[in-house]
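Here the structure comes first, spelled out in structure tokens, and everything after it is commentary.
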Amino acid sequence: MRELALVGVIALAFGLGSYHATRELTAFAVLNLAAGTLAFAAAAGLALRRLRFAAGSHSRRVLLRGLLGVAGALALALALERAAAWSGLRGDLTFERSFELAPATRKALAELPGELTATLYHDRFDPRARNTRLLLASLAEAGRVKVRERQLSDSPEALDRFGIAGSNTVVLELGSRFETVDRPLEATLYEALYRLRSRSNGVIGVLRGEGEGDVSSEAELGFSGLAAALATEGYQVRSLVTASLAEIPADVDAVLLLGPRRALLPESVAMLEGYLERGGRLLALLEPGAQSGIEALLDGWGIQAPDGVIVDPASGASGDGALGIDPIAYNYESHPLSRGLNPDRMTFFAGARPLVLHNAGPADSVRRVVLASPHSWVTQDLSVLSRRRGALMPDGAAQDYHTIAAAGRYPRAAGDARIVVIGDSDFASNRYLRSLYNLDLAMNAVHWVVERESEITLRPKLRTPKQFPLPIQNTLRTFHGVGLLVPELLLLGGGLVWLRRRQA
Amino acid sequence: MTALRALVRKELASLFGAPTAYLALSMVALVTALIFFDHLRLYNQILFVYDSATMGGFASDTVPDYVNLWDSVFFPVMETLGLTLIGVVPLVTMRVFAEERARGTDELLFTTRLTPGQIVLAKFAAAYLFVTLMMAVSFLYPATAIEQGGLGLEHLAAVFLGLTLHGIGLASIGLLCSAFTSSQLVAAVSAWAVAFLLWDLSWASGFVGDRIAALLEALSIQPRYSSFAGGVVSLANVIYFAGIALVSLAAARFSFDLRRVSG
């Protein structure tokens, strides 16, 4: 019996060892696993037979009690593990909090119409699969997600069907629809989830033709990133060339004005005025130093945009050394648009224009949303933007919570008009959109103006793991001091114990 | 309780009275240090290659995401350490029950006031303390080096917890195997086989349906351990290792009954 058990154990060990080394079930591994299992089964059968003949009724009771104890322990362990798995209690202790899902991802998962299947396709030894596996486990714990893994070499048909280009690719399937994510991070998976939901939130008209920002431009200060984010979240982006329009089309849910650098035609301003009077929605991103004529229109709606630049020394120096002219905002008034933003979730502005609010009408509600720090002040010296040097606080300048973004709601006979004004357009440019919580502010502003408050959320961030070198020279001392000295001392201790035992 | 404490103390003294324990501690610490240092050297070389290719100094945006201290250095080292422990821990636990049984000194234990359950518990406790020490010793150098890189102590704590639980799980399997035999060799070899079998059951996934494959994965040690190494502490994973300990304890206790019956 023991001989059989020993043969079984050795055969199983070699079979599994072969599999772990090659990650393949070779003939050697299969033969060993089969032989080991058979030998074990035979040994167990012999042992049971021996017990059956040897044991009397008292012994059987003792054995039964013991077996029940083992079964009880097993059942308890299984029940506790399942309960813990069901509770989903877990903590992400990574430096970047890489596996803590953003509210937007959780929301997207919760709103899925059916069960989602997430399949990870990878090569056997691809190290990136480890993190993707953990990320998919996070998705599975947060929603109705079935996670599977497939080896690339075993799935040639999937490569064609899903257009898989390489290892560490995730395919999300919802019914007959699928999305292929070749760089599986939470942010990219979230975008794929949103596309799978195929929700249509409306049409955003982007004003063009009078020096506004370009939503098709992929340049650093272009807005293609914003357009892509809008499309991801279910908006159809349509260019509106103001000079060719008599009025804003009726099917446009909101108008987006991106940092106009030139003066708008008076007809265009009048067209916007008429649109707002009919209960239209406007998101205007302004730039300091640019007079577009929209300022007078906004003034009539309770939002003044005086020429000037907010200088916020609390934000410190920006990349090129200018002190405070690129405010980092961490003060938010309570407003649906700023839901989820708090002093730990900051937004970055590359030169911001101050806004001053006043009551436009008795039923109107104009509110501040994003504020610079109480140490901020305003200068009319716009040359600080081009000089990129620290500005001097003018005599009599007031340090206060200067408004960077404001939102207004205006009940009108034709419907509620909504306006959001932000004193900077660069914050939503390709260069800065993914900085801090800028994307959330921009997208949540859009959702608010089109009355899709339920879509207001915080999106996953692109986290870059630390990639700095850890020079060998710096760690050599640690290697000698801890890495080698400790084993050496232990070996010395073992040697002395051995000598003492020999002498004894 | 005093008798139980005395037995734990006796077990620890017995462990540290033999050179094997020091040898095992030293080997695990040394192997971990060498593997870690080697991975660190390789990581720096990879960064150097990217640095040279760009010719513009170190630029993090040219390096793939997965080339970072955690994924390129710490994680693989911890995976290797996890496998190394399968080889080493059974060597430490093989003698705990088997030696006493071979020498017949286990009969003496039954003459004390301790119940078989308490005897098993004391031996398990002593082995767990030793394994925890082994983990601490092997973890010291990688943790110190990584901490110097400023990568956060929380992740290190998660990895250490995972290592310790993995070690305790392996010790439990080793002790269980030792409890059923009087041969230290059989105890060690069977512990290796069981631990290897449990380490990764995904090899059988190709032959079974999705449900069974998921069950096999849930039974495997490797994905649970990897989760800790990745910085995620899940209650289910903690209970999984505690469950291995609990079942092993009960089964080791059962071995005493079996012995009484089979003689």
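Every read-out reported here was derived from the displayed coordinates using simple, explicitly stated rules and does not represent laboratory data. For clarity, every value in this text was computed on a predicted model and none was experimentally measured. For neighbour counting, all protein chains shown are included, and Cβ atoms are generated from backbone atoms with ideal geometry for every residue, glycine included.
A simple spin-label model places the labels of residue B:115 and residue A:21 4.7 nm from each other, with each point 7 Å out along Cα-to-Cβ. Placing unit charges on each Cβ (+1 for Lys and Arg, -1 for Asp and Glu) gives chain A a dipole about its Cα centre, and among A:480, A:374, A:347 the Cα reaching farthest toward its positive end belongs to A:480. Packing order of peptides B:94-100, A:226-232, highest average first: B:94-100, A:226-232 (average count of other Cβ atoms within 10 Å over each peptide's residues).
Taking every full run of DSSP H in chain A, the ones that stretch at least 20 Å from end to end by Cα along their long axis and average -1.0 or higher on the Kyte-Doolittle scale are A:2-22, A:27-54, A:57-87, A:128-142, A:485-503. Shielding by partners for peptide B:180-189, expressed as the average number of C-beta atoms from other protein chains within 10 Å of each residue's C-beta, is 2.
For chain A, the Cα gyration tensor yields ellipsoid semi-axes of 63, 30, 22 Å (square root of five times each eigenvalue, largest first, whole Å).
Per-residue shielding of A:8-20, expressed as the average number of other chain Cβ atoms within 10 Å of the residue Cβ, stands at 5. Each residue of the stretch B:70-75 was assigned a 3J(HN,Hα) from its phi angle through the Karplus curve 6.51 cos²θ - 1.76 cosθ + 1.60 (θ = phi - 60°); the sequence is 5, 6, 9, 10, 5, 4 Hz, with glycine and proline shown as x.
With a cut-off of 20 Å on the backbone N, the residues of the stretch B:194-228 near the modelled label site 7 Å out from residue A:153 along Cα-Cβ are B:200-208. Counting neighbouring Cβ atoms within 10 Å and putting the fewest first, the residues B:70, B:203 line up as B:203, B:70. Orientation-averaged projection of chain B equals 17.1 nm² [convex hull of Cα atoms, one quarter of hull surface area].
Each peptide in A:31-37, B:111-117, A:283-289 gets a packing score, the mean of other Cβ atoms within 10 Å over its residues, and the list from highest to lowest is A:283-289, A:31-37, B:111-117.
Spatial offset of the stretch B:185-249 relative to the stretch A:342-411 amounts to 57 Å, using the alpha carbon center of each. Cβ-Cβ distance of residue A:58 and residue A:498, R₀ of 35 Å, FRET efficiency by 1/(1 + (r/R0)^6): the value works out to about 0.15.
Pairs of Cα atoms in the stretch A:200-241 fall into 10 Å distance bins, from 0 up to the last occupied one, in shares of 32, 54, 14 percent. Neighbour counting of Cβ atoms within 10 Å sorts the residues B:2, A:26, B:84, fewest neighbours leading, into B:2, A:26, B:84. Across peptide A:140-151, the mean count of Cβ atoms from other chains lying within 10 Å of each residue's own Cβ comes to 1. If you count Lys pairs in the protein assembly as shown whose Cα atoms are under 29 Å apart, skipping same-chain pairs closer than 8 places in sequence, the total is 5. Modelled spin labels at residue B:132 and residue A:412, positioned 7 Å past Cα toward Cβ, are 7.1 nm from each other. Beta bridges per DSSP, both residues in chain A: antiparallel share near 55 percent. Using the Cβ-Cβ distance between residue A:397 and residue A:277 with R0 = 45 Å, the FRET efficiency computed as 1/(1 + (r/R0)^6) comes to roughly 0.80.
Remark: A:122, B:166, A:58 ranked as A:58, A:122, B:166, counting other beta-carbon atoms within 10 Å and listing the fewest first. The label-point distance for residue A:2 and residue A:117, in a model that sets each label 7 Å from Cα toward Cβ, rounds to 5.2 nm.
Grab the beta carbon distance between residue A:37 and residue A:239, set R0 = 51 Å, and tell me the FRET efficiency rounded to 0.05. With a Förster radius of 51 Å, E is 0.15.
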